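Here is the structure we will look at, set down as structure tokens.
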Amino acid sequence: MNKQKDPVELTRRWVRDVVIGLNLCPFARAPFEADKIRYRLCDADTAGDAHAALIREVADFVQLPGEEAETSLCIFPHGLEDFIDYLGVLEDAQAALHGSGLDKMLQLASFHPDYCFASLEADDPANYTNRSPFPMFHLIRQDGLAAALEGWPDPASIPRRNIKLLREMGL
């Protein structure tokens, strides 16, 4: 496969150039540089297939020691192009995590090329805080997140700073 079109490689570049490059997530650099981000290419043609693939990744990821993979990005290059379908899978996955008690172990973050927060217009640059090259779900270990946030003086300032930066950058 052409490296330019490899979804995993494009996602790695997005993490490096956008997430870390713009410091949208101040906690991303360490696992990126330590190669502790798990990139999972998930083939799915329907929302149901996507949900099943995500649940399989959750099951696999929780079995891995944190030293091996601190976080996982489940990349869906096709099958979840429609943002509404994507949100349905997100809602079902969050309910499954809660129902299983795994929400105490994992946090689920969401990214999509057409991400639009409910309170914003589609062309608001603030939406780019959650826009990515492909639909994806980010599994984050709660203990690792708690440890990272412990040393951060004002975690609530991160999204405010990102929104301000992206709005200043514009579309």
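The values are calculated or read from the model by the stated rules, or taken from the named source; none is laboratory data. The structure presented is a predicted model; accordingly, all values stated were derived computationally and were not measured. Cβ atoms come from the backbone with ideal geometry, glycine included; neighbour counts cover every protein chain shown. Each accessible area value is taken on the protein alone, full model and side chains, heavy atoms only, with ligands, DNA and RNA left out. Shrake-Rupley method; radii C 1.70, N 1.55, O 1.52, S 1.80 Å.
Take the residues of the stretch 45-67 that are under 17 Å from the mean Cα position of the chain (by Cα) and β-branched (Val, Ile, Thr): which is least open to solvent (accessible area, probe 1.4 Å)? Checking each candidate, the answer is Val58. Number of residues in the stretch 1-22 that are more than 17 Å from Ile75 (Cα to Cα) and in contact (Cβ under 8 Å) with a residue 60 or more places away in the chain equals 1. The set of residues from the stretch 158-171 being open to solvent by 90 Å² or more (accessible area, probe 1.4 Å), closer than 11 Å to Asn127 by Cα and modelled with pLDDT of 90 or more comprises just one member, Arg167. Residue pairs whose Cβ atoms lie under 8 Å apart, separated by 6 or more positions or on different chains, with the first residue in the stretch 107-134 and within 25 Å of Ala96 (Cβ to Cβ) and the second of a type in the set (Phe, Trp, Tyr) and in a strand (DSSP E or B), are Leu108/Phe137; Ala109/Phe137; Ser110/Phe137; Phe111/Phe137; Asn130/Phe111; Arg131/Phe111; Ser132/Phe111. Might you let me know whether the stretch 130-142 holds any residue that is more than 17 Å from the chain's Cα centre (by Cα) and modelled with pLDDT of 95 or more? Checked the stretch 130-142: no residue is more than 17 Å from the chain's Cα centre (by Cα) and modelled with pLDDT of 95 or more.
When Gly144 is tested against (1) assigned to a helix (DSSP H, G or I); (2) over 23 Å from Val18 (Cα atoms), just one condition goes unmet, and that condition is (2). Just one of the listed residues (Ala96, Ala126) is in a helix (DSSP H, G or I) and touching a Leu at 6+ places or on another chain (Cβ under 7 Å), and it is Ala126.
Quickly run through the stretch 84-102 and pick out the residues that are of a type in the set (Val, Ile, Thr) and crowded, with 20+ Cβ neighbours inside 10 Å.
Of the stretch 84-102, the ones of a type in the set (Val, Ile, Thr) are 84, 89.
Hit for the stretch 84-102 is Val89, nothing else.
Does Pro155 fit the bill of being touching a helix residue (DSSP H, G or I) at 6+ places or on another chain (Cβ under 9 Å), open to solvent by 50 Å² or more (accessible area, probe 1.4 Å) and over 23 Å from Thr11 (Cα atoms)? Against the criterion (touching a helix residue (DSSP H, G or I) at 6+ places or on another chain (Cβ under 9 Å), open to solvent by 50 Å² or more (accessible area, probe 1.4 Å) and over 23 Å from Thr11 (Cα atoms)), Pro155 qualifies. The residues listed here are Phe76, Phe111, Phe137; of these, the one that is more than 20 Å from Pro159 (Cβ to Cβ), touching a helix residue (DSSP H, G or I) at 6+ places or on another chain (Cβ under 7 Å) and either among the β-branched types (Val, Ile, Thr) or open to solvent by less than 50 Å² (accessible area, probe 1.4 Å) (or both) is Phe76.
Is there a residue being in a helix (DSSP H, G or I) and without any contact (Cβ under 8 Å) to a residue 40 or more places away in the chain anywhere in the stretch 62-77? Show your work before the answer.
Of the stretch 62-77, the ones in a helix (DSSP H, G or I) are 62-63.
Now restrict to residues that are without any contact (Cβ under 8 Å) to a residue 40 or more places away in the chain: 63.
Yes, because at least one residue in the stretch 62-77 is in a helix (DSSP H, G or I) and without any contact (Cβ under 8 Å) to a residue 40 or more places away in the chain.
Residues of the stretch 29-44 that are touching a strand residue (DSSP E or B) at 6+ places or on another chain (Cβ under 9 Å), surrounded by 19 or more Cβ atoms within 10 Å (Cβ to Cβ) and assigned to a loop (DSSP other than H, G, I, E, B): Cys42 alone.
Specify which of the listed residues (Glu81, Glu70, Glu150, Glu121) is in contact with a strand residue (DSSP E or B) (Cβ under 7 Å, 6 or more places away or on another chain), open to solvent by 50 Å² or more (accessible area, probe 1.4 Å) and among the charged types (D, E, K, R).
Values: Glu81 fails: in contact with a strand residue (DSSP E or B) (Cβ under 7 Å, 6 or more places away or on another chain); Glu150 fails: in contact with a strand residue (DSSP E or B) (Cβ under 7 Å, 6 or more places away or on another chain); Glu121 fails: in contact with a strand residue (DSSP E or B) (Cβ under 7 Å, 6 or more places away or on another chain).
The match here is Glu70.
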